């Protein structure tokens, strides 16, 4: 069974998250996107956990389904926790995703955190003063099959290998529990290829998730498995053992789209490539320190060259880059992806062609051309699949900008759209 899984999202109880996020809406959008398995997010928040208990049926295999919902969407208990603490005279800020197979384990885990003085009520992604090592120990004591996944590992401010508050290795962060870390989340600003330049990461399974704060952004990154039993245990073993037969590939942002790919200083509108920033180190406008992004940080810890990566890449779990369908449509019709016109075309394609992943990754070009009226949209999808596009890199909290067509092509396309619509 092919399973598309997004294991890291947030609820409406997390800061800066959509108030429209509830389990019924999440299930609906999973069907639109083509997601079979979704992390609940925020299981440390009591109100979200109560909603989960009220609305879910326990399938007794580590997964849950929504009551009175005939879809194939399944949920797995997950949560992201922000650990902020001091180690080796440096303030560390590490985000960690935890998956657990049952509600009883989650309740024990939450109680243990509360007993240690952690405030779980203030936010769906709680900030706690425990170290990553201590948190991991608690999770494994509660349930030995807890999956502990360092989140978006390269992000400057809140990640295990981040330039601002992270470490130089997983072992340095997780201490005696480093052996219990089986997976790392690459984050939006890096893809697996970038991580392959760092040989110390070879032993970990690289996963990709959306870290979504809204309904429409679930699945912007995801994992594709081929499972026999479709259970928590099978997902756990697949990730733990880095099973290439069952873990088919990850679905990735183009890393340049991510908010921290390049170095820069957002307040000054300064975006700088790492080769340049390594020379100047400070913002040329305000003379303050730059935020060093993911590409720079990976280069600092890398110990392979391109030739070595290319030689070894068949040993790793593969990946596919993908741009969201609304962004693709927006490029094709020369409109912002948030416009009503893009919405209308988007839902028409979902209705007549298939879910978003099917459209972007699986349908043949002939199928797309026969099912989608606007052939420029098909052209854009095919270009996206081939990587025939450019991205202006994101930096210091600003997303990158995708450009599938040149400015000249866009003018031509706009004239075509005016005749079509």
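If the elastic network links every pair of Cα atoms under 10 Å, which of 348, 102, 273 fluctuates the most in the Gaussian network model of the chain?
Of the options given, 348 has the highest mean-square fluctuation.
Using the reciprocal of the averaged 1/r over all distinct C-alpha pairs, how large is the Kirkwood radius of the range 1-141 in Å?
After inverting the mean inverse Cα-Cα distance, the result is 15.7 Å.
Quick check on the exposure proxy: order 45, 321 from fewest to most C-beta atoms within 10 angstrom.
321, 45
Under the definition of Cα pairs under 8 Å and six or more residues apart, what whole-number percent is the relative contact order of the chain?
15 percent
In percent, what relative contact order does the range 183-333 have, based on Cα pairs under 8 Å that are 6 or more apart in sequence?
About 29 percent, as a whole number.
Sorted by mean Cβ packing within 10 Å, highest first, what order do the peptides 210-218, 387-395 take?
Top of the packing list down: 210-218, 387-395.
Nearest 500 deg cm²/dmol is fine: what mean residue ellipticity at 222 nm does the chain get from its DSSP H runs of n ≥ 4 alone, each adding -39,500 (n - 2.57), divided by its residue count?
Helices in the chain give a 222 nm mean residue ellipticity of -9500 deg cm²/dmol.
Have a look at 252, 307, 221 and tell me which one the Gaussian network model of the chain (Cα, springs below 10 Å) gives the largest fluctuation.
Looking only at 252, 307, 221, the biggest GNM fluctuation is shown by 307.
Rounded to the nearest 5, what % of DSSP beta bridges with both residues in the chain are antiparallel?
The antiparallel fraction comes to roughly 70 percent.
Starting from the Cα of residue 362, move 7 Å in the Cα-to-Cβ direction to define the label point; list residues of the range 218-233 whose amide nitrogen is under 17 Å from there.
Once the point is set 7 Å along Cα→Cβ of residue 362, 219-228, 230 turn out to lie under 17 Å by backbone N, inside the range 218-233.
How much of the DSSP beta bridge set in the range 30-177 is antiparallel, as a percent to the nearest 5?
80 percent
The numbers here are math on the coordinates, done by the rules we state, and not lab data. This is a predicted model, so every value here is computed, not measured. Every residue, glycine as well, gets a Cβ built from its backbone with ideal geometry; the counts of neighbours run over all protein chains shown.
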